[in-house]
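Peer 1: Okay, here's the structure, questions in a sec.
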Amino acid sequence: MGSATYEWMLRHVVGPEAREPQPWPYAQPTWVFTSRELSGVAGADIRFVRGDVEPVHKEMVAAARGKNVWLVGGGELVGQFYDRGLLDDLFVQIGSVTLGSGKPLLPRAIVNPPLRLVSAGAAGTGFVELHYEVQCQATKGRR
Ligand SMILES: NC(=O)c1ccc[n+]([C@@H]2O[C@H](COP(=O)([O-])OP(=O)(O)OC[C@H]3O[C@@H](n4cnc5c(N)ncnc54)[C@H](OP(=O)(O)O)[C@@H]3O)[C@@H](O)[C@H]2O)c1
């Protein structure tokens, strides 16, 4: 995850300023991309990294030992993995609230080849989840 997402979790989930502070929710190691010196969370395996995503991707794949690697976001960080051909699938949950403006979800033009829709399904009463596969890019397969 990027540092904005990490700091959001500190503010809203872990605390100390969270309304109902909870433990760090992930048992698996977490890599946080930042150019700054940030504090970790006691007892959590959080690794601060910066720069090129490719060497970090290698570390994550080794740690995952055959399991999937989850990129939480934000979108520009996911785009950095896309640029390197290191993005396989996108799972997008769309909520039932519309906004008049905002940030691009994934600030890249992915048109040729386009994303391939694998599935679409209702998630609860307010969300739909879309699963897209990233089709072969020129740089893909360098894993
Ligand atoms: N709904 C969801 O599932 C979901 C998922 C993810 C994010 N979000 C939300 O989206 C919002 C913000 O997302 P965002 O796109 O602004 O932020 P983000 O990706 O969480 O963080 C962006 C920051 O990460 C650092 N960073 C990114 N790539 C880096 C690299 N290669 N090397 C070093 N540092 C790097 C930079 O900050 P510094 O260098 O200054 O630290 C950058 O400004 C947050 O409110 C978050 O909660 C929602």
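Peer 1: Normalised radius of gyration for segment 1-47, please: alpha carbon Rg relative to 2.2 N^0.38 Å, two decimal places. It would help to have the intermediate numbers written out before the result.
Peer 2: On the way: Rg = 10.2 Å, N = 47, 2.2 N^0.38 = 9.5 Å.
In units of the globular-protein estimate, segment 1-47 measures up at 1.07.
Peer 1: If you average the C-alpha positions of segment 23-49 and of segment 53-104 separately, how far apart do those two centres end up, in angstrom?
Peer 2: Result: 17 Å between the Cα centres.
Peer 1: Counting pairwise Cα distances across the chain, what percent come out greater than 23 angstrom? All intermediate terms of the calculation are to be shown ahead of the outcome.
Peer 2: Details: 4514 of 10153 pairs.
More than 23 Å apart: 44 percent of the Cα pairs in the chain.
Peer 1: Under 5 Å between amide H atoms, partner at least 5 residues away or on a different chain: which partners does Asp89 have, H built in plane at 1.01 Å?
Peer 2: Residues meeting the amide H criterion: Val134.
Peer 1: Non-local amide H neighbours of Val32 (under 5 Å, H modeled in plane, Pro and chain starts lacking H): which ones?
Peer 2: HN-HN under 5 Å from Val32: Arg47, Phe48, Val49.
Peer 1: Using the Karplus curve 6.51 cos²θ - 1.76 cosθ + 1.60 with θ = phi - 60°, work out ³J(HN,Hα) for each residue of segment 52-62 in order, rounded to whole Hz, and write x for Gly and Pro.
Peer 2: Once θ is set to phi - 60°, the couplings for segment 52-62 become 4, 6, 5, x, 5, 4, 4, 4, 5, 5, 5 Hz.
Peer 1: Report in % the part of the accessible area of the chain that belongs to carbon and sulfur, leaving out ligands and nucleic acids; probe 1.4 Å.
Peer 2: Values: 5170 of 9570 Å².
The C+S portion of the solvent-accessible surface of the chain is 54 percent.
Peer 1: Explain nothing, just compute: Karplus ³J(HN,Hα) = 6.51 cos²θ - 1.76 cosθ + 1.60, θ = phi - 60°, for every residue of segment 76-81 in order, whole Hz, x for Gly and Pro.
Peer 2: 5, 5, 4, x, 5, 5
Peer 1: Here is a further query. For segment 8-143, with every protein chain kept in place, what is the accessible area per residue (1.4 Å probe, Å²)? Walk me through the intermediate numbers first.
Peer 2: Working: 9350 Å² over 136 residues.
Counting only protein heavy atoms, the per-residue value for segment 8-143 is 69 Å².
Peer 1: Tell me the mean residue ellipticity at 222 nm calculated for the chain from its helices only (DSSP H runs of n ≥ 4, each -39500 (n - 2.57), averaged over every residue, nearest 500).
Peer 2: Values: 3 runs with 28 residues, N = 143.
That calculation yields -5500 deg cm²/dmol at 222 nm.
Peer 1: Right, something else. Can you work out the Karplus-derived ³J(HN,Hα) for every residue in segment 122-128? Use 6.51 cos²θ - 1.76 cosθ + 1.60 with θ = phi - 60°, whole Hz, and x for glycine or proline.
Peer 2: 5, 10, x, 9, x, 10, 10
Peer 1: Here is a follow-up. Quick check: with the 1.4 Å probe, what order do Thr30, Thr125, Thr98, Thr5 take by accessible area, largest first? List each step's numbers first, then the result.
Peer 2: Working: Thr30 15, Thr125 155, Thr98 130, Thr5 40 Å².
Sorted by accessible area, descending: Thr125, Thr98, Thr5, Thr30.
Peer 1: So, one more: In whole Å, what three semi-axes, largest first, describe the equivalent ellipsoid of segment 1-83 built from its Cα gyration tensor (square root of 5 times each eigenvalue)? Don't skip to the answer; put the middle values down first.
Peer 2: Values: eigenvalues 101, 43, 25 Å².
Result for segment 1-83: semi-axes of 22, 15, 11 Å.
The values are calculated or read from the model by the stated rules, or taken from the named source; none is laboratory data. Everything numeric here is computed off the predicted structure, so don't read it as measured data. What goes into the accessible areas is simple: the full protein's heavy atoms, side chains included, and nothing from ligands, DNA or RNA. Shrake-Rupley method; radii C 1.70, N 1.55, O 1.52, S 1.80 Å.
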